[in-house]
Structures are given as structure tokens and as C-alpha cells.
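The values are calculated or read from the model by the stated rules, or taken from the named source; none is laboratory data. This is a predicted model, so every value here is computed, not measured. Counting neighbours? That spans all protein chains shown, and the Cβs are built from the backbone with ideal geometry, glycine included.
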Amino acid sequence: MCQQNYIYRGLLKGLKTPPLPEELKKCLYIEFLPEDLKKWVPNDHPSEDEWRHGRVEKKIIEDTKSGFKCLLFRGDFSRVVRLDLLSDKNFPPSFWVPLSTMSKEVPHFPILSHNYPIVEITYRVEAGHAVPAWSWYYNTGQFFEFLEPTQNWVTVARAWSFNGFPRKMDNFVIRLYSRFRTKEGILIRNVRFRDYTETERDFLNSQVMDVLSEEKPVKYPFFEEFFPLGTYVKASTVKRMSSYLGVDVETYLNLLFEDIAQHYHNMVFFEDFYEFLPGDTDMVFDLANKYGIKVVVALEEESKRLSNTYVTDFLREKEQEIKKNGTNSALLGWVIKEGPSDEELDAYLNIKKHIEKLDPRHPVIYLTREANAFPIYASFSSIAGLSHWKSKDPWELGQIVKTHYRLLKGQQLWVIPPAFVFASGFPLWNSAPEVRLMINLAISSGARGWLSYTYHNIPLWVGGECERSMTGPFLCSSDVWQELGARLGRFFALAPLFLQSVPVTNMSDIEVEVRSRKHPRSRCPDSVEIVLHNWFQGKDFWIFYLVNQDTSEVTGVDVKFKRGFTKKYKIYDATQFVRTYNWVEVSSEFHREMFPGQGLILFVATQEVCKKWEEIIIERLVEFYVKQIQIDIELWKYYCKGLLTVYEDKISNCLSMPNALNKLV
């Protein structure tokens with residue numbers, strides 16, 4: 001441990017002095033010295049690829065600066081040609097070499113948070129462009145954080161578990177990034193896992209736990225009837241691409257909102273809403289109202305560090321915007337900034353309370369890409385959103401939702417799946433079956449919001465961050481965008497059912513048998529159950545959700561409901577109802593051939609209850625179809641004025657008829 005340069009990260013950052021040697025002597029610990037670290041391996045998560053391109057070297061040396069015995073871990077990035085596109089420091093580095101515990105030869109893992117809740121690393125980087133980071137994996141989750149690229153010896157410590165979550169750390173990884181095609185190195189003296197000192201424990205209890213115990217999520221009744229199906233949009237991309245396309249911002253936004261509405265999306269999250277000019281923000285809300293789209297606004301850039309000294313400036317800059325836009329019917333909520341760290345907790349809470357006073361109608365929403373501080377912020381946030389960007393590992397998403405859903409207290413959980421490729425070439429582009437599977441896994445596991453990243457992008461050749469997105473630079477289409485439009489249309493219609501039910505794990509009164517046959521050419525991992533099912537329970541109904549997890553082949557499934565339902569309860573195919581508008585009764589024993597990534601939603605209820613929900617779902621569909629025709633009429637008025645006059649009376653009659661559904665489908 002480097003006493004002279006000891007830095008706390010995270011919740012313990014408020015401690016200004018390093019732990020005393022006599023305190024540390026009382027702590028249980030596990031320490032990895034240079035000889036132990038040399039046994040660590042250059043492996044990382046198998047679903048990520050950016051770590052596979054560099055070459056590594058590791059050896060034990062004596063540091064010339066301090067005389068410390070240490071491990072020199074060096075990465076050779078000279079063959080990573082993609083780095084020539086990624087030297088812009090506005091973007092985080094993308095390629096790394098890992099040093100991890102992902103080997104049976106490394107002892108002590110998994111590490112239990114009950115015994116060793118603190119992790120420490122003593123290191124320094126070699127001269128150059130090295131950017132170190134540390135990361136660790138727990139069951140269906142990952143923590144990631146960049147470390148300071150200092151050339152002086154430093155010890156960094158942080159608490160890696162909050163309130164017992166996660167319970168254990170499965171693997172630990174030291175990452176070394178570079179922005180250039182060079183050789184970079186890091187010297188590591190030790191990695192240590194230990195118990196709290198008395199000072200650290202007292203600080204957490206008095207300064208953190210006591211504060212959080214007073215924070216409760218605010219309930220907003222609107223979200224009991226609203227299922228967000230949305231996408232990320234960048235204001236800066238809107239401005240630049242409208243210029244490149246030779247159209248004004250209003251025309252570009254018109255095309256954008258029209259396209260989003262026609263793909264059954266009902267919400268947009270503007271990452272950098274502050275990039276719009278005042279007049280443009282009014283236009284955004286006007287167009288959102290026109291197309292029936294709700295808007296979530298980011299108030300601060302993700303890279304901005306929140307601090308208590310910054311709170312006054314933040315509120316002074318944003319107060320008028322919050323008051324003005326808070327009265328707009330298109331506004332859905334506020335995001336202070338994406339991915340706030342645990343170090344920003346005090347400032348975040350201060351800002352959140354002021355926003356809730358200025359605008360009591362709309363929630364402050366917590367969205368994060370890494371789950372680093374999710375257990376902390378989810379405990380008091382009205383809505384929490386979590387990403388899963390491992391595109392070729394869609395099977396993990398369902399368990400991620402279930403694991404983090406338990407941390408909530410009835411609030412909505414949104415998922416942020418990948419629909420992009422960074423300039424690095426990763427994550428790999430999802431196929432339509434993988435997107436289909438992620439939708440079904442997310443919603444069947446309890447997610448109550450879908451927020452795809454990302455809708456559009458600036459081209460790489462003019463400094464863009466992404467190589468691909470759902471509609472690209474020019475608002476075209478893609479297989480993923482088409483798949484989302486088709487699948488989210490189903491959930492748009494069935495959303496009220498899921499909003500009025502909750503996931504249940506114990507269905508002791510109902511016995512169902514599900515048997516499946518894995519296709520010989522299936523690419524589904526052996527560790528993944530080929531077909532899974534989940535139950536939801538409403539006031540007077542149940543939902544049985546069956547998902548084929550094979551993304552390449554058809555899977556045969558036999559389902560048999562053995563007992564639990566009285567004769568008055570019937571089983572209906574809800575997914576079929578969305579297409580035919582008729583309840584099709586399903587036998588208590590049936591066989592289905594499920595295509596890749598398919599979800600089957602069965603509705604179990606009495607005939608009277610089915611009739612009630614039929615009216616609710618059809619009314620929802622009629623409202624959507626009428627809105628779509630109104631959008632088309634607006635387009636006809638602009639592009640086909642002569643043709644519109646011929647059919648205008650017939651269209652107006654159709655829209656006003658009480659049996660409009662029969663005319664629209």
C-alpha cells in the first residue's frame with residue numbers, strides 16, 4: 001500500500017486520510033503480490049472482442065523509481081489498425097489488453113463481499129498513452145471504472161459492494177487501454193481485498209446509509225398506464241446531419257418523429273438536449289405532441305462531474321428550462337446526467353430534490369450504461385434504466401433484468417439494448433432474431449421500458465462515434481429497425497396487460513410441463529436453457545410467457561397445463577389476438593414450432609375478463625391507427641395536395657366513425 005498517495009473512490013471518497021496501519025492489521029485480507037499477479041491471464045468477457053487484438057507481455061521487475069518489486073504488464077497495440085480512427089480524445093478509449101483472474105490457477109475466487117468488501121490496487125503507468133481501468137464481474141453484472149493514468153505510485157481503494165449487493169465477485173480484471181498504435185505498460189505492486197476498517201464502516205453508516213434511508217422513490221400514476229418504447233436521439237446529430245442533408249432542423253425533426261411513431265415507438269430520449277437552441281427546443285416539443293411522442297430530456301452531459309459546489313450553478317442555468325418545459329404535455333421526465341457515479345451521490349440528491357420542487361409532475365429518471373452505482377440510485381429513483389451492450393450474448397439479458405429488478409421497490413425498470421456499432425467495430429451488429437430474443441427476454445423478465453441505443457449517427461469520416469445505428473446518418477432503415485417496428489407493435493398493444501401485472505416466481509397452485517427439443521444445428525450455448533417460461537399475475541388474470549432462446553433455428557415445444565385452473569378459466573393466445581383481433585382458445589396441452597427468438601404470450605382468464613381486455617386493447621389499437629392516418633394526411637397535404645382533395649371527405653368520415661377499427665384493418 002502506498003501511504004503517501006492513497007486515494008478513496010466511490011462512497012468512501014469523503015475520507016481524506018488513508019487508513020492507519022494499526023487499523024489495517026485488524027482487517028481480514030487476501031493479497032495478490034507480483035508473483036501471484038504473474039499467474040493471472042490475458043482474458044476478459046468472451047462476448048466482448050476489443051481485448052483480443054493486442055499482444056501482451058508480463059514480467060516481474062524492480063521499479064527504478066521506488067525500488068518496489070512489481071509486475072510489469074505491457075500491451076502492444078501496433079497491429080490494431082482501427083486505432084487510426086479513434087485517436088480523438090472526446091471519445092473514451094476502445095481497445096484494451098486485460099489481466100484477469102479468469103483461470104482455475106488463480107485462487108480465492110469468488111470473493112465474498114461479507115468478508116472482503118474493499119478492493120485496493122497499487123500501481124503506476126509507464127510514460128506514454130496508457131489508460132488503466134479496473135473491472136469486476138458478478139452474477140449477471142459488471143462494474144467498470146477508468147483509473148488515473150499517473151506515473152507516480154498510487155493506491156486506489158473502493159467499496160465494491162453496497163448493502164450486500166453484489167454478494168460475491170466472480171472475477172477481477174485490470175485493463176490497459178491505448179488510443180494509439182503503441183506499446184503501453186502498467187506496473188502493479190499488489191491487488192488486495194480486505195474488510196472495512198472501523199473508520200470506514202462508521203463513515204458509511206453515518207454519511208451514506210443514514211442519508212439513503214431517508215430517500216424514497218416518488219410515485220407517478222401516469223406510469224401505471226404508460227409502457228415506454230423508445231430510442232436514443234442526439235441533438236448534436238440532429239443539428240449536424242440536417243446541415244449535411246441541406247434541410248432545416250424542423251424538416252429533419254419532422255422526418256425523425258414521423259419515422260419513430262410509425263415504428264410503434266412512443267418515447268425519445270435526447271442525450272444532449274442542451275445542444276438545441278431555445279427556439280429549437282420549442283419545436284421539438286411541438287413536433288413530439290403532433291406525433292404523440294413523449295420526450296425525456298438530459299440536463300447535463302455525461303462527462304460533467306457533479307459536485308456540491310456545482311449544484312448552485314446547475315440550478316441557476318437550468319431553472320427556467322425546467323419550469324418552462326415542465327408544463328409541456330410531451331415531456332415524460334428528466335435525466336440529470338447519464339451514469340452518475342457513487343461519488344456524485346450528494347450533489348445528485350440535492351439537484352433531484354430541487355427539480356422535484358420545480359416540476360412535481362415529471363420524474364427524475366436514472367439511466368446508466370454500467371451497473372456500477374445501480375444498487376444505490378435504484379433505491380430512491382422513480383424509474384431506473386440499465387444497459388446490456390454485449391450484443392452477441394443476448395441470453396444474459398433476462399437474468400440481468402431479474403437480478404436488478406429485485407433492487408427496486410415497485411418502480412419501472414427500463415432496459416437499454418445495443419442497436420449500434422462503435423467506430424471500433426464493436427459491439428457486433430445484432431441480427432433480427434437476436435433483437436427479437438432481447439425484447440422477449442427483457443419484457444418476460446419484468447422490464448417495463450425499452451430504450452434502444454441508438455437511432456442515428458454522424459458518419460465516421462466527419463468525426464462520428466458510431467459506424468452503424470438503426471437508421472444510419474441519413475434516416476434510412478435497417479434490419480434491426482424493421483424488427484423493432486414489427487415486435488414493438490405487439491407490445492404496444494399488449495402493454496396494459498403487463499402494466500397491470502407483476503412477475504411471480506412461485507406458482508405452486510399451477511403445474512405446467514414444458515418440454516423442448518434443441519435443433520442439431522443450434523448455436524445456443526449448452527449452458528443456456530433452450531426454452532424458458534415466466535409467469536405474471538394480475539388482479540383477475542395470469543400471463544404465461546414462453547421464449548425460444550435459440551437465435552438460429554426453430555425449436556419444437558410441448559406444453560401441458562396439468563392442474564391449477566378451474567373450468568371457468570380459459571387459455572388464450574394473446575400474440576395471435578393482436579394480429580386477428582379475436583381470442584383464440586388454446587388447449588391445455590399443445591405443440592408449437594417456435595422460430596428463432598420467438599415469444600409466445602398466453603392469457604389465462606375467464607371469458608368475462610377477456611371481453612374487458614379485448615375492449616381495452618382494441619381501443620388502444622384504434623387510437624394508434626387513427627393517429628397514423630392523421631400523420632399520413634399531413635404528409636399528403638404537403639406532397640400530394642391534388643390527390644388529397646379527391647379522398648378527403650372519405651378519410652374524414654372514416655376517422656369519425658364509431659366502428660373505425662373495421663375500416664382500418
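Kindly indicate whether Ser444 is of a type in the set (Gly, Ala, Ser) and at pLDDT 95 or above.
yes
Sort out which residues of the stretch 451-477 are among the polar types (S, T, N, Q) and touching a residue at least 12 places away in the same chain (Cβ under 8 Å), and write them in order of number. Give the steps one after another, and end with the answer.
So in the stretch 451-477, the residues among the polar types (S, T, N, Q) come out as 452, 454, 457, 469, 471, 477.
Residues satisfying the conditions are Ser452, Thr454, Asn457, Ser469, Thr471.
Between a residue in the stretch 11-24 that is in the same structural domain as Asn163 (by TED's automatic domain parsing) and closer than 14 Å to Tyr196 by Cβ and any residue that is of a type in the set (Ser, Thr, Tyr) and surrounded by fewer than 17 Cβ atoms within 10 Å (Cβ to Cβ), which pairs come within a Cβ distance under 9 Å, given they are 6 or more apart or on different chains?
That search, which allows pairs on different chains as well, returns Leu15/Thr199; Pro19/Thr199; Leu20/Thr199; Glu23/Thr199.
Just need a number here: residues in the stretch 86-115 that are in a loop (DSSP other than H, G, I, E, B) and surrounded by fewer than 21 Cβ atoms within 10 Å (Cβ to Cβ).
The qualifying residues number 18.
Can you confirm whether Phe144 is surrounded by fewer than 20 Cβ atoms within 10 Å (Cβ to Cβ) and in a strand (DSSP E or B)?
Yes.
Filter the stretch 277-299 down to the residues that are modelled with pLDDT of 95 or more and part of a loop (DSSP other than H, G, I, E, B), then identify the one that is surrounded by the most Cβ atoms within 10 Å (Cβ to Cβ).
Result: Ile293.
Return yes or no: is Leu451 in a strand (DSSP E or B) and either modelled with pLDDT of 95 or more or under 30 Å from Phe577 (Cβ atoms) (or both)?
Spelling it out, Leu451 is indeed in a strand (DSSP E or B) and either modelled with pLDDT of 95 or more or under 30 Å from Phe577 (Cβ atoms) (or both).
What pairs come out if I take residues in the stretch 116-128 that are assigned by TED's automatic domain parsing to the domain that holds Leu187 and crowded, with 21+ Cβ neighbours inside 10 Å and pair them with residues that are basic (Lys, Arg) and in a loop (DSSP other than H, G, I, E, B) whose C-beta lies under 9 Å away, six or more apart or interchain?
If the second residue must be basic (Lys, Arg) and in a loop (DSSP other than H, G, I, E, B), the pairs left are Arg124/Lys65.
Pairs please, first residue from the stretch 487-501 and in contact (Cβ under 8 Å) with a residue 40 or more places away in the chain and outside the structural domain of Ala432 (by TED's automatic domain parsing), second anywhere and buried (at least 19 other Cβ atoms within 10 Å of the Cβ) and hydroxyl-bearing (Ser, Thr, Tyr), Cβ atoms under 7 Å, 6+ apart in sequence or on different chains.
none
Being under 18 Å from the mean Cα position of the chain (by Cα) and either outside the structural domain of Gly141 (by TED's automatic domain parsing) or modelled with pLDDT of 95 or more (or both) narrows it down to one of Glu338, Glu343, so name that one.
Glu338
Any residue that is touching a residue at least 40 places away in the same chain (Cβ under 8 Å), in a loop (DSSP other than H, G, I, E, B) and over 29 Å from the mean Cα position of the chain (by Cα) - is there at least one of those in the stretch 41-56?
Taking every residue of the stretch 41-56 in turn, none turns out to be touching a residue at least 40 places away in the same chain (Cβ under 8 Å), in a loop (DSSP other than H, G, I, E, B) and over 29 Å from the mean Cα position of the chain (by Cα).
Out of Ala347, Ala288, I need the residue that is more than 26 Å from Thr237 (Cβ to Cβ), of a type in the set (Gly, Ala, Ser) and out of contact with any Pro (no Cβ under 7 Å at 6 or more places or on another chain). Which one?
Ala347
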